[in-house]
Amino acid sequence: MDRRLFLEQTAMAGIASLLGSIASINELPQKKIRIAVIGCGSVSTQYLPHLSKCEYVELVSCCDRKFDRAEEKAKTYSIPNKYASIEALLNGAAFDLLVNLTDMQEHEHLNRKALTAGKNVWSEKPMANSYAGGKALLELAESKKLRFWGAPAVVNSPQFAFMSEQLKKGTLGTVATAHAHYGHTGPTWSAFFYEKGGGSLPDLGVYNIATLTGLLGPAKAVMAMTSIVTPKRTVDDKGTIDVKAEDNAHIILDHGKGVMSHIQCGFNYFDPYGHEGKGQKNHTIKIWGSHGNMGLIGYDWAPFGVELATSWTEPPVVHVPDPGTYVWQQGASVIATALATQTEPRINAYHALHVLEIIEAARASSDQGKKITLQSSFPWPMI
Ligand SMILES: NC(=O)c1ccc[n+]([C@@H]2O[C@H](COP(=O)([O-])OP(=O)(O)OC[C@H]3O[C@@H](n4cnc5c(N)ncnc54)[C@H](O)[C@@H]3O)[C@@H](O)[C@H]2O)c1
């Protein structure tokens, strides 16, 4: 899938509004949150329009080591300051929240530099490059009374809320099992997706893992198999490269009390409905219980409804066909809004850390051929 098609298919706009009500630990004096964006590549073209429309955001700086990209974004979005390195950015114009949209392998060290310099951070996934690294960053943030969050924002969709409410009400009876899948044919613009520290688990599986743990609860253990199906790729920035990170993965999660879920993801999935899955009626996520089942139509990052079946005689009913203001690229706007209004967002840093541990454990399970027990957890239920 090339970059233009990918962006066309994922271009949506909207302002985030789904926030909780617990007071934030961070007391920022101003109404608008001053934001610096690092990484002015593909995903910034989705974040910046959303951020620029958010009433609680002031876009102060942008930064890219490919400086022409920072210059272009500064011009397009009237951002007053532009830099070519994190050091210059941190020493430059004052800001409150770093939005990290760089290569996956760069996240941990850039997030650490920003937190050390006293900045709050919203990071694209993964929030760090190892579970230990993510845990250390979260501890660093807390020790400095800063906030640190990681993508994705899937828990903000009204479809997630609906599914969560049905589970809470017991509509499905005794829940037993779930399945989720997400894949496409792989990005063509940057090599990092296929290099060590990249891979389909942190780029794609991360959404389904966040959704299913968000719905069914923290996982206790993981078993997985991963593979590389396409050993060489041709990408815009480096030509033909050897693929080092998994482009095909299956994982099974044990959520406790007998509940299990299965997630599959990869960079070799043909989808006739295109990347965003528009127009499809298929479920990408399904949960089964003793008295009902429900399926999410479309992908969890771009959902089109939830089909609920609870009757032997009546057909299933589609609920919440409209995502409302939810769009996947709203994460940084939601966080800025939360900081400015002193409210707690539904997106939870410990949830992102748990998802990161699952990704690491899935790889270890595949390498070692055994079940891996997890350490981390997060506040649940989320709604
Ligand atoms: N592309 C998408 O639609 C999309 C969607 C959701 C999430 N993401 C995530 O967003 C992140 C970025 O993906 P992308 O597709 O935008 O990649 P990209 O290659 O298009 O952009 C990354 C940018 O970061 C810059 N960069 C890297 N390291 C840097 C550093 N140390 N200092 C300054 N700049 C640096 C690069 O020069 C590049 O311009 C990844 O974590 C990816 O998983 C991407």
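Okay, here's what the table says:
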read-out	value
Filter pass, Gly133 being within 16 Å of the ligand (Cβ to nearest atom), touching an Asp or Glu at 6+ places or on another chain (Cβ under 6 Å) and not basic (Lys, Arg)	yes
All positions within the range 231-267 that are out of contact with any His (no Cβ under 9 Å at 6 or more places or on another chain) and assigned to a loop (DSSP other than H, G, I, E, B)	Pro231, Asp236, Asp237, Lys238, Val243, Lys244, Ala245, Glu246, Asp247, Lys257, Gly258
Qualifying positions in the range 297-319 - among the charged types (D, E, K, R) and within 16 Å of the ligand (Cβ to nearest atom)	Asp300
Check on His275, farther than 24 Å from Leu172 by Cβ and under 21 Å from the mean Cα position of the chain (by Cα)	yes
Some residue of the range 121-131 being free of Cβ contacts under 8 Å to residues at least 60 places away in the same chain and not in a loop (DSSP other than H, G, I, E, B)	yes
Test: residue in the range 133-141 that is more than 28 Å from Leu374 (Cα to Cα) and either outside the structural domain of Asp68 (by TED's automatic domain parsing) or touching a strand residue (DSSP E or B) at 6+ places or on another chain (Cβ under 6 Å) (or both)	no
Hits in the range 333-374 (condition: in a loop (DSSP other than H, G, I, E, B), over 16 Å from the mean Cα position of the chain (by Cα) and either within 24 Å of Arg34 (Cβ to Cβ) or without any contact (Cβ under 8 Å) to a residue 40 or more places away in the chain (or both))	Gln342, Thr343, Glu344, Gly369
The range 53-71 - residue that is crowded, with 16+ Cβ neighbours inside 10 Å and either aromatic (Phe, Trp, Tyr) or more than 13 Å from Val37 (Cα to Cα) (or both) and, of those, nearest to the ligand (Cβ to nearest atom)	Cys54
Lys113 being in the same structural domain as Asn81 (by TED's automatic domain parsing), farther than 25 Å from His50 by Cα and at pLDDT 95 or above	yes
Hey, Lys125 closer than 18 Å to Ile358 by Cβ, more than 10 Å from the ligand (Cβ to nearest atom) and at pLDDT 95 or above or not	no
Selection count where residues are surrounded by fewer than 19 Cβ atoms within 10 Å (Cβ to Cβ) and in a loop (DSSP other than H, G, I, E, B), scope the range 158-194	8
Ile79 being in contact with a strand residue (DSSP E or B) (Cβ under 7 Å, 6 or more places away or on another chain) and more than 11 Å from the ligand (Cβ to nearest atom)	yes
Any hit, the range 280-291, residues being in contact with a helix residue (DSSP H, G or I) (Cβ under 6 Å, 6 or more places away or on another chain), part of a loop (DSSP other than H, G, I, E, B) and under 21 Å from Ser157 (Cα atoms)	no
Number of positions in the range 82-119 that are in contact (Cβ under 8 Å) with a residue 24 or more places away in the chain, more than 11 Å from the ligand (Cβ to nearest atom) and more than 21 Å from the chain's Cα centre (by Cα)	9
Those residues of the range 213-262 which are over 24 Å from Ser42 (Cβ atoms), under 20 Å from the mean Cα position of the chain (by Cα) and either aliphatic (A, V, I, L, M) or not assigned by TED's automatic domain parsing to the domain that holds Met294 (or both), in sequence order	Leu215, Leu216, Ala219, Val222, Ile251, Ile252, Leu253
Qualifying positions in the range 15-50 - within 16 Å of the ligand (Cβ to nearest atom) and at pLDDT below 50	Ala16
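The values are calculated or read from the model by the stated rules, or taken from the named source; none is laboratory data. Note that the structure is predicted; figures quoted are calculated from it, not measured. Heads up, the Cβs are rebuilt from the backbone with ideal geometry, glycines too, and the neighbour counts pull from every protein chain shown.
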